[in-house]
1. Quick test of your reading of the structure: residue 151 fulfils all but one of (1) under 27 Å from residue 66 (Cα atoms); (2) touching a helix residue (DSSP H, G or I) at 6+ places or on another chain (Cβ under 7 Å). Name the failing condition by number.
2. Counting only residues that are under 15 Å from the mean Cα position of the chain (by Cα) and under 12 Å from residue 126 (Cβ atoms), which one in segment 51-83 is surrounded by the fewest Cβ atoms within 10 Å (Cβ to Cβ)?
3. Here is a list: 241, 202, 158. Which entry is touching a residue at least 60 places away in the same chain (Cβ under 8 Å), over 24 Å from residue 87 (Cβ atoms) and touching a strand residue (DSSP E or B) at 6+ places or on another chain (Cβ under 6 Å)?
4. Among the residues of segment 175-192, count how many are part of a strand (DSSP E or B) and either out of contact with any strand residue (DSSP E or B) (no Cβ under 9 Å at 6 or more places or on another chain) or closer than 17 Å to residue 43 by Cβ (or both).
5. Within segment 20-37, work out how many residues are in contact with a strand residue (DSSP E or B) (Cβ under 9 Å, 6 or more places away or on another chain) and either in a helix (DSSP H, G or I) or at pLDDT 95 or above (or both).
6. Among the residues that make up segment 94-103, is at least one of them closer than 30 Å to residue 166 by Cβ and surrounded by 20 or more Cβ atoms within 10 Å (Cβ to Cβ)?
7. If the Cβ limit is 7 Å and pairs must be 6+ apart or interchain, which residue in segment 123-134 that is assigned by TED's automatic domain parsing to the domain that holds residue 97 pairs with which residue that is at pLDDT 95 or above and part of a helix (DSSP H, G or I)?
8. Determine whether segment 91-105 contains at least one residue that is in contact with a strand residue (DSSP E or B) (Cβ under 6 Å, 6 or more places away or on another chain), modelled with pLDDT of 95 or more and within 24 Å of residue 188 (Cα to Cα).
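The values are calculated or read from the model by the stated rules, or taken from the named source; none is laboratory data. Fair warning: this is a prediction, and the values are worked out from it, not measured in the lab. Heads up, the Cβs are rebuilt from the backbone with ideal geometry, glycines too, and the neighbour counts pull from every protein chain shown.
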């Protein structure tokens with residue numbers, strides 16, 4: 001693969017949605033009724049990570065409502081049964097988010113597939129908005145053998161539940177000064193998104209479950225650069241600005 005085939009768009013203008021979730025400073029706190037492990041988010045809100053088996057018990061007993069934090073295409077293809085579409089900031093936006101109609105004392109479970117980056121971002125925004133009984137599924141939706149919701153045979157629905165999902169990883173690096181911030185992956189001309197945290201050394205790994213062609217075009221948005229390429233190109237080597 002020729003790395004120069006990528007379209008690299010450096011500079012501050014490339015920040016887009018990634019910058020929107022940064023900054024921190026919120027003092028909102030989750031109820032965390034069961035003392036689950038907390039996931040720190042760039043917004044400053046710590047999100048409780050509910051084990052998937054506990055989330056399923058809530059599902060069976062109608063003790064929680066579920067919100068899908070991914071992009072619209074991902075939600076339409078496969079989702080937890082009866083979950084609503086309520087995307088994280090880096091996954092898009094919608095008018096009339098159904099969660100806005102729920103009481104703030106509702107127990108809400110968010111989820112994604114990466115396994116809990118987008119879901120934690122969405123959960124953090126809900127906690128900050130007063131929905132203190134919000135959790136993110138620790139293992140995520142799964143489907144790649146990581147013990148997530150799909151792997152355990154829990155109820156799902158959607159247009160592509162029988163598709164052959166392949167797990168890809170996009171490795172990249174940026175300046176270590178951005179450690180703790182996020183990198184976003186978006187499919188071009190489709191509402192499909194993932195995010196991943198930047199590690200202390202500036203490296204990151206974005207997981208993607210995808211049933212389409214490796215010729216599909218994606219965009220990687222880091223704090224200091226944007227790179228576009230096919231899925232095959234982006235998974236063959238290390239993405240840099």
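1. (2)
2. Residue satisfying both the conditions and the ranking: 67.
3. Details: 202 fails: touching a residue at least 60 places away in the same chain (Cβ under 8 Å); 158 fails: over 24 Å from residue 87 (Cβ atoms).
Just a single option satisfies the conditions, and that option is 241.
4. Of the residues in segment 175-192, the ones part of a strand (DSSP E or B) are 182-187.
Filter again for either out of contact with any strand residue (DSSP E or B) (no Cβ under 9 Å at 6 or more places or on another chain) or closer than 17 Å to residue 43 by Cβ (or both), leaving 182-184.
Residues in segment 175-192 being part of a strand (DSSP E or B) and either out of contact with any strand residue (DSSP E or B) (no Cβ under 9 Å at 6 or more places or on another chain) or closer than 17 Å to residue 43 by Cβ (or both): 3 in total.
5. Qualifying residue count, segment 20-37: 9.
6. Initial filter on segment 94-103 (closer than 30 Å to residue 166 by Cβ): 94.
From the residues that got through so far, the ones that are surrounded by 20 or more Cβ atoms within 10 Å (Cβ to Cβ) too are none.
No, there is no match, as no residue in segment 94-103 is closer than 30 Å to residue 166 by Cβ and surrounded by 20 or more Cβ atoms within 10 Å (Cβ to Cβ).
7. Going by the 7 Å Cβ cut-off, the qualifying pairs are 126/99; 134/123; 134/126; 134/127.
8. No, because not a single residue in segment 91-105 is in contact with a strand residue (DSSP E or B) (Cβ under 6 Å, 6 or more places away or on another chain), modelled with pLDDT of 95 or more and within 24 Å of residue 188 (Cα to Cα).
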